[in-house]
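Scroll down for the structure; my scribbles are underneath it.
The values are calculated or read from the model by the stated rules, or taken from the named source; none is laboratory data. Being a predicted model, the structure only gives us computed values, none of them experimental. Cβ atoms come from the backbone with ideal geometry, glycine included; neighbour counts cover every protein chain shown. For accessibility, only protein heavy atoms count, side chains too; no ligands or nucleic acids. Shrake-Rupley method; radii C 1.70, N 1.55, O 1.52, S 1.80 Å.
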Amino acid sequence: MNKHSKLIGILFGLVLIACLPSVVLAQDATPISPVTDDLVNAVAHDLYCPVCENIPLDVCPTQACAQWRALIREKLELGWSTSQINDFFAEQYGEKVLSVPSARGFNWALYILPPVIIISLISIGVLVAYLLVRRFKQKPGSIPQAPTSVTTEVLDEIEQDLQKER
Amino acid sequence: MEPVNNNIQNEQIKKLSTIIGIAAAIVIVVGLLAALGIAMKRSANKSLVVGQDIKDFTVTSFEGETFQKSSLAGKVILVNFWSSWCASCDEEGDALELVWQEVKDSGEVLFLGVNYVDTEKDSMAFLERYGISYPNGPDMGSRISTLFKVTGVPETYIIGRDGRLAAMNIGPLTTAAEVHALLDPVLAGQ
Amino acid sequence: MISIIALGLLVIALVITVNAIVTGVFAARNGSALTLESSRRAALAVFPLLTGVLVCLLILLFTGRFEYAYVYQTTEVDMPFYLKVAALWGGQEGSLLFWCWLLSGFSFIALVRQWKRDRDLMPWVIVVTMFTLLFFLVLVLFFENPFNRYYITMDGQVMSALFSTGFTLLADPSNGMGLNPLLRHFGMVIHPPTLYLGFTGFVIPFAYAIASLIKGRTDDHWIRATRKWSLAAWLFLSAGLVLGSRWAYDVLGWGGYWGWDAVEISALMPWLTGTAYLHSMMMQEKRGLFKHWNIALIILTFCLVILGTFLTRSGLLSSVHAFSESAIGPAFFVFITIVFIASLVLLIWRWSSLGSAYPVKSFFSREGLFLFNNLLFVAIFLICLTGVLFPIFSELFTGQQVTVGPPFYRRSTGPLFGLLFLLMGIVPLSAWGTSTAKRLNSEIWKPAVVSLTFPLAAILLGVRQWGGALGIWLVGLVICVTLFDYARSVGVSARNNHEPWWKAFNRLTSRNRRRYGGYIIHLGIVLMGLGIIGIEFFQSETQATLAPEQSIDFAGYNLTYKGLSVQDNVEGREAARAYIDVSKGSRNLGTITPRHDFYYTAEQTVTLPGLRSTLKDDLYIILVDWMPISSDGATFKIFHNPLIKWLWIGSIVLMLGTLVAMWPDPERKTAALEVKAGV
């Protein structure tokens, strides 16, 4: 591989890594006081309301959700970390309150599938590229030459095609 | 001749990949349709049907006692789903406690309150407000409400002595009479 | 009576549609021109009939005939006029009837205009379009009929039915429930029809593709014939998605524009495969490549349209958008089974006859990069499909309900979209045929270096997230490469023809509308990308409870709560408005007014955000309505969304670019004459 292909390969890799989650909440926090609304909202943002359809907990206006936000505040004041609060909610109310299912059991399929899809499609691309380069390298004289003279047959064919397009 | 051999190889690879591709497409499409079809069938029965068998479940009350359905065989179990944040649950708090006081000594019935998607503090406050004395426990992981296909609160299900669903009521049971209307036929039935 | 007329028209339309299908099949088999003409006339006739039905429903909606269940559920007396029009697609029954109308309308246009050219494809095009229409007509007539009325039975129960069945009285409500308050926004008025136009528009290219497969044609005539259809459908689909995002941003109040909700993704998936198709079909037209890709992609696009509609209305998805579950689920499932299986069978049957695959000579040639483009779009689509279907599968296999939320989609599709941007930056400078990375590199390094100024500027302005900086660089790369290529061509053309650059620009664009329209579309996309990068990477939010005259400093702005005004009975609601003054340093920048509306009939509140929008950033303030709101104090959620305005600007550029690309190239006839003279 020449250095230009390497350049594109590096760009490829950079872009792939670039979209890792850029907001990382403290994983093992010590008691934070005072616990601000913003902190509660940040934790609630990644949890879903257990009763409403697909509404995140920081947006949900119902009384039940207000209770749950109060619960989050309580746990934050006790010094719980985000992951501990998430685990607690999942245990209490079921997996569906998490914005991404936890990686156990059947849920592994969800984590495996995107890399599998990407890798298999890239493999198809690479395989095709390999076959072409191989085929192309075997027929050195097979680059189709542009016709040097325009014959009447060719012109007639072009005429017919153009007539069809009208 | 080299090029010809390689051409044949290329053709074989192409043929193989076409077959694999077609097989994959068929598997994906048919699998998808089958899964959607089954999911549709399952979602068609949105709630339990009277007479249906109920799978085993366990409720751990706020006091720490465990109640397992299979060990309660032969008893009539009234399972009531409620939450502190649901307005209509307020309406039935009194009625259920009243009837419980009447039937608890007979030893034939157990009232089990299942706290649906709630916080412990608020649910304890609710129980205190209505002086509920029958066991109540949280629905950990929402497993029990999934089992009973609960879509809202309050809902009441009565499991007969044979372990099957004998009666159900969606919505609040606002008077003791309503509770009796639901419960007595089951008690008498067997 | 209006409903009798409407039902009559519906029944006639149904019969005629069946007739069109049957005669269409006969015409395809025996080649009789007479049968074909009869089939065509039948298909044409359905459109005016359904227009009549639509007019009837509109009359019922405008005159407030609340005994009709649909009118009752979607309108009320106080609703403004434009919302009564919007009520047409505000409920399940009306939107299905609207689908029927659009399907028949598009078939009408296709059959009226392109008749002379595609005679042998025509019978099957009729059969496919009419079969789709038949399904939706059956849904409307027998499952979700908008002309049901409320009747009161002897024991006081209210039921909804088409005709009275003895001993029932026609109900006579004086007012309706009105549209869901969340839907009473201008964006909601145009978002559904635009989306539906996009969805149904794909039926014509799909019908042509199926007809081509059945007839065993291996040429690309079907692509040429439906090129404008595909572009138009894609345009409406893109516009529909953007309008939905704008509505979510303006009304829903969670400070964002796209929630990765299952229904949103169901509309995104056909867009993804449709975009891949638009690119890939260029390959077939120019070089006869990718025949398999094209036919597979357009069939997949239409299948996804139907799948998306099915999932939305089936009750299988957990979503804020999903229609309430109804009886049409099973019927829809039968339809998608037929469409999927038939398409798959046809594709497999004709696969090998579609010519050899990929005479692509190098991976770095334009063809190779387009292949990579196709693969990327398909990868993103498959990931979205996985995310949407996974909750269904999880519940099926484990009984456990799960949610697949934004983090999954962001992490898995983000890098892929980034690669697509990279491609947009590379491909315009790529060459056909043999090409190497070296050659590509030599073309690209100049604009690439210039594009580095973009992330540099961002870093100088304080950007520290390298993911965001990378995204900004990609945006800059596409802009620089596109403008570079444009400028170079204009320069060459101006020099050769000795004319000023703006004249060369005009001539170049009008001669090659597709290429340059495409460039404009790409510019639109990266501008949208800029807006998305701004809000995804750099958004910040805070929640603050403010007493009057109290202020807060946020994101470099100073915000002061000035007070609250309450107005009663404005269009059926109580409207409360908070005033927040914005200033930066000593400069007063205006007032933001978030609203809190309470709708009397629906007994529902809607909080609308107040917005201050500039090219640099948006200040987005919404009242938190589970905390007390009064003139003594209120709680606000404040969002700082950098660059989001570019999302909307970019979408307009995209639409303009599509119009340019769709405009027919002039001067094709002169080319033909030149050849003749040259012989």
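Some observations on this one:
- Cα-Cα over 27 Å, subset of A:96/C:616; A:75/A:96; B:46/C:637; C:116/C:291; C:228/C:446; C:228/C:286: A:96/C:616; B:46/C:637; C:228/C:446
- With each label modelled as a point 7 angstrom along the Cα→C-beta vector, the residue C:566-residue C:32 pair spans 7.5 nm.
- Accessible area per residue in Å² at 1.4 Å probe, computed on chain C: 39
- Burial of 50 Å² or greater, region A:105-126 residues [accessible area, probe 1.4 Å, versus chain by itself]: A:106, A:110, A:114, A:117, A:118, A:121
- Of the Cα atoms belonging to region C:276-337, the radius of gyration and Dmax stand at 16.1, 48 Å.
- Loss of accessible area when B meets A, both sides summed, Å² nearest 100, probe 1.4 Å: 1600
- Size of charge dipole - region C:84-126 - debye, nearest 20, with Cβ of Lys, Arg +1 and Asp, Glu -1, no other charges: 220
- The calculated pair-distance distribution of chain C uses every alpha carbon pair, bins of 20 angstrom beginning at 0, and gives 16, 45, 33, 6, 0 percent.
- Dipole magnitude for region C:1-179: computed about the Cα centre from +1 point charges on Lys and Arg Cβ and -1 point charges on Asp and Glu Cβ, it is near 880 debye.
- Estimated at the nearest 10 Å², the accessible area of residue C:35 is 30 Å² with a 1.4 Å probe.
- Rolling a 1.4 Å probe over the protein heavy atoms gives region B:33-134 an accessible area of 47 Å² per residue.
- Whole-Hz Karplus values for region C:638-651 come out as 10, 10, 10, 10, x, 6, 5, 4, 5, 4, 6, 4, x, 5 Hz, taken residue by residue from phi with 6.51 cos²θ - 1.76 cosθ + 1.60 and θ = phi - 60°; glycine and proline positions read x.
- Put a plus charge on the Cβ of each Lys and Arg, a minus charge on the Cβ of each Asp and Glu, and nothing anywhere else: the dipole of region B:58-187 about its Cα centre is then about 560 debye.
- Overall form of region B:1-90 per C-alpha gyration tensor (a/c, 1.5; a/b vs b/c): prolate
- Members of region B:60-93 that become less accessible by 20 Å² or more once partner protein chains are added (1.4 angstrom probe, chain alone as reference): B:85
- Calculated from backbone phi, Karplus (6.51, -1.76, 1.60) coupling profile of region B:8-24 in Hz, x at Gly/Pro: 4, 4, 4, 4, 5, 4, 5, 4, 4, 5, 5, 5, 4, x, 5, 4, 4
- Peptide C:467-475, shielding by other chains (average Cβ, 10 Å cutoff): 3
- Taking chymotrypsin sites (Phe, Trp or Tyr not before Pro) across region C:518-574, none is in a DSSP loop with at most 12 further Cβ atoms lying within 10 angstrom of its Cβ.
- Note: relative contact order over region C:545-646, using C-alpha pairs below 8 Å and six or more positions apart, is 21 percent.
- Radius of gyration (Cα atoms) of region B:56-133, expressed as a multiple of 2.2 N^0.38 Å: 1.10.
- Cα centroids of region C:369-411 and region C:302-342: 18 Å apart.
- Per-residue packing, averaged as other Cβ atoms within 10 Å, sorts the ranges B:134-143, C:639-648 into the order C:639-648, B:134-143, beginning with the highest.
- For region B:58-187, the mean projected area of the C-alpha convex hull, equal to one quarter of the hull surface, is 6.9 nm².
- Within a Gaussian network of chain B (alpha carbon springs, distance under 10 Å), most fluctuating of B:79, B:99, B:29: B:29
- Of the residues making up region B:24-43, those losing 40 Å² or more of accessible area when the isolated chain is joined by the remaining protein chains, with a 1.4 Å probe, are B:29, B:32, B:33, B:35, B:36, B:39, B:40, B:42.
- Under 5 Å from the amide H of residue C:643 lie the amide H atoms of C:617, C:618, each residue being 5 or more positions distant or on a separate chain, with H modelled from the backbone and absent for Pro and chain starts.
- Put simply, chains B and C cover up around 1700 Å² of each other's accessible surface, both sides summed, when a 1.4 Å probe is used.
- Sulfur and carbon atoms: percent of accessible area, the protein assembly as shown [1.4 Å]: 63
- Measuring between their Cα centroids, region A:54-74 and region C:493-507 lie 62 Å from each other.
- Positive-pole candidate from C:89, C:61, C:103, dipole of region C:1-115, charges at beta carbon: C:103
- Relative contact order, percent, chain C [alpha-carbon distance under 8 Å, six or more residues apart]: 10
- Summed over both chains, the contact between C and A buries some 5700 Å² of accessible surface at a probe radius of 1.4 Å.
- Over region B:58-187, relative contact order from alpha-carbon pairs under 8 Å, at least 6 apart, %: 34
- Pair-distance profile P(r), taking every C-alpha pair of the protein assembly as shown, with 10 angstrom steps and integer %: 2, 9, 16, 21, 21, 16, 9, 4, 1, 0, 0, 0
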